[in-house]
Every structure is written in C-alpha cells, then in structure tokens.
1. I'd like the full set of residues that are in a loop (DSSP other than H, G, I, E, B), touching a residue at least 12 places away in the same chain (Cβ under 8 Å) and farther than 12 Å from I876 by Cβ, limited to the stretch 798-830.
2. Residues being modelled with pLDDT under 95, over 29 Å from the mean Cα position of the chain (by Cα) and not polar (S, T, N, Q): count how many of those fall in the stretch 490-515.
3. Are there any pairs, at least 6 apart or on different chains, whose C-beta atoms fall under 6 Å, with the first in the stretch 124-150 and touching a residue at least 40 places away in the same chain (Cβ under 8 Å) and the second in a helix (DSSP H, G or I), and if so, which?
4. Would you be able to say whether some residue in the stretch 680-691 is within 30 Å of the chain's Cα centre (by Cα) and among the charged types (D, E, K, R)?
5. So, of the residues in the stretch 707-747 that are among the hydroxyl-bearing types (S, T, Y) and exposed (fewer than 13 other Cβ atoms within 10 Å of the Cβ), which turns out to be farthest from R593 (Cα to Cα)?
6. Hey, R369 hits all of (1) basic (K, R); (2) in contact (Cβ under 8 Å) with a residue 60 or more places away in the chain; (3) out of contact with any helix residue (DSSP H, G or I) (no Cβ under 9 Å at 6 or more places or on another chain) but one; which does it fall short on?
7. Which members of the stretch 835-869 meet the condition of being under 23 Å from N768 (Cα atoms), touching a residue at least 40 places away in the same chain (Cβ under 8 Å) and open to solvent by 40 Å² or more (accessible area, probe 1.4 Å)?
8. Of all residues in the stretch 545-577, count the ones that are modelled with pLDDT under 95, among the hydrophobic types (A, V, I, L, M, F, W, C) and farther than 17 Å from F685 by Cβ.
Amino acid sequence: MVTTLKDIRNTYLSFFEKNGHKILPASPLLPNNDPTLMFTNSGMVQFKNIFTGNEAAVFPRAATAQKCVRAGGKHNDLDNVGYTVRHHTFFEMMGNFSFGDYFKEDAIKFAWDLLTKDFSIPKEKLLVTVFHTDDAAYDLWKKIAGFGDDKIIRIPTKDNFWQMGDTGPCGPCSEIFYDHGPEIWGGKPGTPEEDGDRYIEIWNLVFDEFEDLPSGERIKIPNPSIDTGMGLERFTAIMQGVHSNYEIDLFQTLIKAIADLANSDPNGPLKASHNVIADHLRCMSFLIADGVLPSNEGRGYVLRRIMRRAMRHVHLLGIKEPMIYKLVPVLQKEMGDTYPELYRADALIKETIRTEETRFIKTMEKGLRLLDDEIEVLNKGQELKGEVAFKLYDTYGFPLDLTQDVLRAKDIKVDVKGFEKSMDEQKEKARKNWAGSGDAGTEKIWFELYEKLGRTEFLGYNTLKAECQIKALVQGDKEILSTNGGEFYLVSNQSPFYAESGGQVGDIGKISNEDFEAYVSDVKKKLDGLFVHHCRIVKGEAKVNTSAVFEVNEENRKRIRANHTVTHLTHKALREVLGTHVTQKGSMVSADRMRFDITHNKQVTPEELRAVEKIVNEAVRKDYKVATKIMTAEEAIESGAMALFGEKYGDEVRVVCVEDNLGGRVSMELCGGTHAVSTGEIGYFNIVSESAVAAGVRRIECLTGPKAEEFVDDLENKLQALSGLLKASVNDLEVRVSNLLEDNKKLNHEMFELRKSMASGKGSKEENVEIVNGVKFIGKEVENIPVKDLKAFVDESKKAIKSGVILLATNNDGKASVVVGVTDDLISKYSAVDLVKTAAAAVGGQGGGGRPDMAQAGGPNGDKIQNAIDAVRKVI
C-alpha cells in the first residue's frame, strides 16, 4: 500500500501520465495571468487563459502537482493555521485537466479507478455529491461506482457549482468524500452535522460546460472541459491513517527537526507552535524561491506576516536566536526533488530568513513586554485597545494577526476598528500599491482582439525587415478601419519588432507601404503574445487588411542586443563577486543604458563594482560566442541554465549561452530577448552608479559601447581640464589636490584667527570700545565674515574686554545678521535676547533667540546695521 507523501504524489501523476495526460511543472506562486489573485491558490490558475479561451491549449489533457498559498486576500487561512488539523498557508493541490477533450464520464472513471484500484480505498468508505440538477453526473456515478442513492447526494447550493466570475466559464461540481466511520462525529454533506470530521472532502471534479454571458444568459459551450483538485496533505493523512495533516510523514519530519533544534516536546502544550513553524517554513521558503521578499506592502507584507508569526512561535519554544533558516535543508530534502527551486534559491532563502529573524528578534522582546503590561489589566473576553495594537505594528513590527495570535490563548480580542482607524493612511497606501498580479491594466479591447486574432508571430530573431498584414487599428479605446493622422495602435499577423518583455524595451522603426508611412515608437505585448505597435502617421493613410513592410531600426536594435547580453554577463559576475545569493529582481535594457536590480542586503562597494567590471570587460575582449538553444524548461534547468524565479516558461524555452573559445560555459540563462552574436559587439562596459531601491534590493546602472566610451571621455576631459587649472599632470593630481586641501585648511584657520582678532578689536588699542552708561560697549559692522563665525568672534571680544556688551553684525547679500553677547557679570542687568530683538527691529526683522549671554537675529535690511548698533546703544 502507498504510504509516503512522495509516493502518493508520484502515483497520482503516473496514473494520469499512463492515461494520456502531459505532466506539467507547477506554475509560480505569483500568477501572471490573473490580476485578481495575490498568489496561486489552485491548480487551475496556470490554465485560466485556456479555460477563458484567451490562450490555445498545447496539450488536450494535463496533470500537475501545484504549489499553492492561501494567506492574504479573500483566500486567507492564516488565522487558523497550526490550531486546526487541516488548515495551511502553503499546500499542494493535485489536479487533472481536460481542455475540450474528455468530459464527465472519463473524469469520474479516472477518479474512481485511481482511488479504488491504485490507492486501494474501499468502496464503502467513499460517497459523492453532485449539483442537484446534474442528472448526467448522478447517473454516471451509479454506472461507474455502483453507488446507491444513499451514496450520491444532490446539493442545491453554490458549493457544488463553480464559477470563475460574474462572466466566463462555469459548471457543476462533484465532490468525493471519505468516511472516517461512526466513531467520528459528523454528518453527510448537506446535513446540519456536515461540519463534523466524519466525512472529509478529498477531491473536487469541476465540469466546465457552461458560459455566463454579460447579458446574464447562461449558454452551453461546444467543447466542455474538466478541472479537478485534490489536496495532497489532506489525502495523505487519509492514506496514512492519521486524523491531522500535521501527523503525516512530511510534517512529522519537519516537526522533529524543530523539536531537535529547540529541545522541545512536539506533543506537549506547545504542539501548535511546532505546527505553525513547520507550515510557515514551507510557505516562506517557496515564496522566497519564487521571488517574493519581505516588505511592508503587497505580497512582501504577507510574507513578512507569515515569517514573524513563525518567529513568535519560535520564541514561545524558548529560542532567542535565529533558528528557522537552519530548517531549510530539512525541507529541501523532503520537497527539493519535486521542486528544485528550493535548491536553486538555497542561498537566497536562507539569507532572507536569517536576516528577517535577526531584525525582528531585536524588537519582538520589547513589543511582547508592552503587550504583557497592557493585558495584565484585561480579563477574558475584553478587548485590547486598537491604538495599542497599532503601536505594536508601527513601532515594533507586529502585524495585527500576530498580536491576535498572542492574545488568542488568553481569550482577549483586539479592537480591530480602533486599529483600523489608526492604520487608515497606511492601509490606503497599501491598497494603492497593491494592484494584483499580471497585466492588471489590460483593456477590454485587447482581449477582444486576441480572441479574434490570436498571437502575433515574432520574426525578429532572424530578420529586422518583413512584410506583414495589418489586422487591426486602434485609436483611443476603439477599433477603427483606417487612420490618416495622429497616434494609433497597430496589430499585425506577424512582426520583426520585439515587444517589451523580460526587461527589454520594445523596438522602434517604421511601417510603410505605397499608401502610408508610420513611425513606430514602442511595441507592447498584451495577453499571451498580442503585439501592439505604438505608431504615429508620417504620411498617407493606414488601412486594415492591407500588407506593409515592417522595418526595425537596426542600429537601435544592435545596441539593445548588446545591452541585453551584458545583463547576463553582469548577473554572472555579480554572483561570482558577491555570492550565489544574488538573483535578478528586475532589469531595464534599452539602447542607451542597462539597469539591473539584484537581491543583496548591503551596498556594493566600489572595489566590488570594479571587480564586476573587470570580469565583464574580460569576457567582452575575448569576443565569446553567444549561442541560442531551444530546449524544454526541464532540460534547460537540469543543464544548469539560470531561470528567473516567478517567470512563466512554456514547454519549450530559449536558452542563451555565452561560451568561451573552448566550448566552456561562461553564462547560461533562460531568456526570450534578443542578443549579440558575440560579446565583442558590446565593445566596452562601465558601471556608472549603484543604489538601493528597496529593502534587500540594489540597483546597478551601466553603459556599454559608444555610450560607455562617451562617459569615460567626459571623465578624461574633466581630468585634463583640472590638470590645466592646477598645473599638474593627471598622475600628480591626487597629491596636488591633497596638498591644496591641506594648504586651504591652514589658510582658513589663519583667516579665521585674523578675522576673530579684527572683529574683537585686538591690535586696535581698543579704539572700538566705548563707554555707555558706565558699560563697555562694542558695536561694529564686520565685512566678509560668514554668519557662522560671528558667535566665535563675539566670544573672543567678551574675553578681551572682560566686562561689557558686544554687538557684531554683517551684511550678506543685502541681509543683516546680528549677534549680541553680554558678559556674565552683566546678564542680570542686560539680556542678550532682549538686546538682539531691539537690533532685529532696526534692520526690519522680528524676534531673535538664544541665551541671556549670547543671542542671534537677522533682518532684510543689511544697509541699516548702524541703526541696529545705535538702537542697542540707546537701550544700554
């Protein structure tokens, strides 16, 4: 009998492979075809465009083991994870799919045969539900399984009718349940006791046979499809004869590793903490592997919430130092064979978790102490103030659900409305920043055109000029038949123009025939390969259903190709210099420059940047060959090609290889962009800046070829000009400038001392000191004195006259600055603050401030400084 989770997964996939299904890899956890989803949460997500008719199916039937996350958005299981036996943030969903191939009978037969034959589940342990009007499914279950009426339950609710949305494909469901037996409380589906644990759903078969139209009409579709889903962890628990998902072999291995590290009892009072850590370890590791990094918004914030929730449970186990990252090798051993991204992203996963643990441990203790102080005065059933929960969030980094999790055991709630009131601005900002995933801005018209025209065939790998058919013209948001002016969008059956994707900008060029000419300023890719050319009429009139010559700007493409190839060399060099944790987080490849974002937790030093430049330029000088190979994604990754985590790849992929002259590999990446024929085309490479763009993400900006030469030429011209000014050779500039700076420092000090002496009256036989009402008084306008030096000069004058009042003022660009000082023996009689306010009024200013012995003010009338001196003299 099948026992391990791995065996169950393999048995499922092998069964469907034997029955003509293509076994496809799991899609990334970041869906690129559904702007409404934060994470992939079911097996059908990667096939959504096929089910909606926006993408053609490559295979008529498929099966997958799909990694899924439900934490954030409307699909959020986070609050219950660890405390119930079947809730998870991360789980695997097994699924088999038919795209207009087989339908209900085969779907039911496949499910029945796999469960009762391959998995040897007794027939009497199974029962099913069908939608109450689905007589076909009802009859098929009777025919195939031999079920009586008591084993086929008609359900009239939406639980047994699936809809993708308000419009689109939909259909009835048939759910398969496992009966744990009468010793477990619970009733059949549709009964008041259905929420009990006796009958557990293990598989859902969805029969997509209808389409909901915008008019509200529901119609039959000509080629109905099948979409099924089976929770692997839940099914494994049944196969292994355990009640809780956390008791299956995979989780028990993780939980044992946690207990070993923490020296804790996994079945003791903190059993839930072990469950939480094990679940969250899977979720955070897979999210990081797919390119999500912890942050304070969007997907990154969901990841941070999960990580910090796990860290709090590590703290409950008595561990005060980073621990979760040490569990990654255990997870890799359990799941890395099926999901090799866990190994590929090994350094990134471990470093990200360790860094986040280190960061949060510093504030968690303080936050927990604050929380303990607050709940000391609360009783069961009472609420923690919302503003306290917000302070924990804002100051100590406690997500709201973490605070709720802490209070859960004490039966204390949080005033969520109060928290939300305090949090309102941050939540609004987060909502604006979160725009979903994929091409959220795709307008309705592109869906319609894609449905009508399909993909645009790209010819630009092999040619920059081709004759193509104009299939659609769009101005504003409307399809038009012709245009003779202004800007418009053009869609063709094929095109040599590259459409922006993978960081590479769209091509520029022209489209023309005997009737018109248009300038192409950009090309975008809509949906699954609809190329949209952004055009401007130069002359004539463009018409639909005519042929035209599409011509890419060759020089512009050449520079783009060189810059794209250099991104691969730079990526490899950065990993060589900084470490294998470095992965690409984004790029921008244009004709003028290249921008490259990487995962790295600290600033890249100038020495490290120079080392990267050296490696790249060495590859450029050696003029390595750049080769492109077509491979399956699996073959490419097995052969060592780097893939971008979270990127969707088809069954066949382009692999760009930079090879040395002996055939050895310099760089190898999955890439759909255009590239140089050899690295010599790059010419020269120069890094011009490095900066931070987000937590843990650095940006490097680079130039190549003529642009890099222009940058260096400009620097050389400036050096030569500086050499001329300083009358020194370029080689002597550093010493010359250093000496000049030292001389300047000495001269500034001497000038300061001289100004101070002049301002204080030294060397002038106290001719500036006058006696006013028995008090020594110096009132003086000093020229060319920086405002910041006036106070020092007043202090020097106070020392010189020992007792008295000093006013020094200077005129800078027509504005007066005044400082008044009073020696300590006179501050009981005269306040510098009061005197400076008098002076300020005389120069058109208001107020002034300081201490009784020293105060400063200013005014707009620098020509009235003498009036200020006279006014202070009069007060004395």
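1. K802, S803, D813, G814, T823, I827
2. Selection size over the stretch 490-515: 3.
3. L127/K151; V128/W141; T129/N160; V130/A137; V130/Y138; F131/N160; A137/K104
4. yes
5. S738
6. (2)
7. Within the stretch 835-869, Q856, D863, K864, Q866 qualify.
8. 3
The values are calculated or read from the model by the stated rules, or taken from the named source; none is laboratory data. Predicted, not measured: the structure shown is a model, and the values here were computed from it. Quick reminder, even Gly has a Cβ in these numbers, built from the backbone with ideal geometry, and neighbours come from all protein chains shown. Calculation scope for accessible area: heavy atoms of the full protein, side chains included, ligands and nucleic acids excluded. Shrake-Rupley method; radii C 1.70, N 1.55, O 1.52, S 1.80 Å.
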